[in-house]
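Data first, discussion second: the structure below is written as C-alpha cells.
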Amino acid sequence: MSIAVLIPCYNEAQTIAKVVADFKEALPEADIYVYDNNSKDGTDEIARAAGAIVRYERKQGKGNVIRTMFREIDADCYLMIDGDDTYPAEHAREMVDKVLNEDADMVIGDRLSSTYFTENKRRFHNTGNKTVKKLVNRLFKGNVEDIMTGYRAFSPLFVKTFPGILFIKVFPNLTPNFIPACFISWFTATPARQAYTNVCVWSLFKSYPAI
C-alpha cells in the first residue's frame, strides 16, 4: 500500500526540515512531497536536503497547491499536513490506518479537543473556529470537532473525485479545509456526481477523529 504525505509550503524554512524528519520517522514507507508555492526563504532546498520530494506550484494560494497535489499524486492513502510543525506526527499512523484498513474516505485530525484554545492567542481565531464549527455541524447534522484543521487523511476515491476546480476558484482560502464541500457538491449535483455526493457526506461527517 502506497502512502503520500502532502505538504503545501510557503516560506516554511524554519520548520520544514523537522516536519519532513518527523513524518519520515512516523511513516518510513511513505513518500513525502513538499509543494513549494513561491517561497523566498529556501524552503524547497531545505526540504530536499531533508529527504522530501520537492515540486512546485507557481500559482499563488494554498487552494491552487492542493488542487495540483491531488491531480499529480497517485497513492493508496494521502496524508495532508502543514509545513509549520503544527501537527504531531505520532498520530499519522493511526490516521492512515483508518483509510487503508477501515474504509474511511476522510480522517480528521482534531486539535480543538485538547489545549488548542488556550494556546492559540490570535485575535478572534478561536471565536471563528467555534462559529464555523457550529454552523457546519448544524447545516449537515454532523459532529465534527475541528472543522478548520489541515491535518487530514484521504482515500484515493475522495482525492480523485473532489470537485476542486469549481470550489477552489470560488473559495480559494477555505478550500484546504473542505468546510462547505458537501454543500457545493449538493448545490451542483448531477446524476454523474451523485456517487461522489454520497461519499462526501459520509466521509466528512462520519469519519474518524483520530486525535
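Some values worked out for this structure:
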{"item": "Which of 53, 73 has the fewest Cβ neighbours within 10 Å, and the rest in rising order", "result": "53, 73"}
{"item": "Calculated FRET efficiency for the pair residue 160/residue 103, C-beta based, R₀ 22 Å, to 0.05", "result": "0.85"}
{"item": "Charge context of residue 40, other residues only, Cβ under 14 angstrom, K/R +1, D/E -1", "result": "-4"}
{"item": "Region 1-48, relative contact order [Cα under 8 Å, separation at least 6], %", "result": "53 percent"}
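Bear in mind that the values in this text are calculations on the coordinates, not laboratory data. For clarity, every value in this text was computed on a predicted model and none was experimentally measured. Using ideal geometry, Cβ is built from the backbone for each residue, glycine included, and neighbour counts are taken over all protein chains shown.
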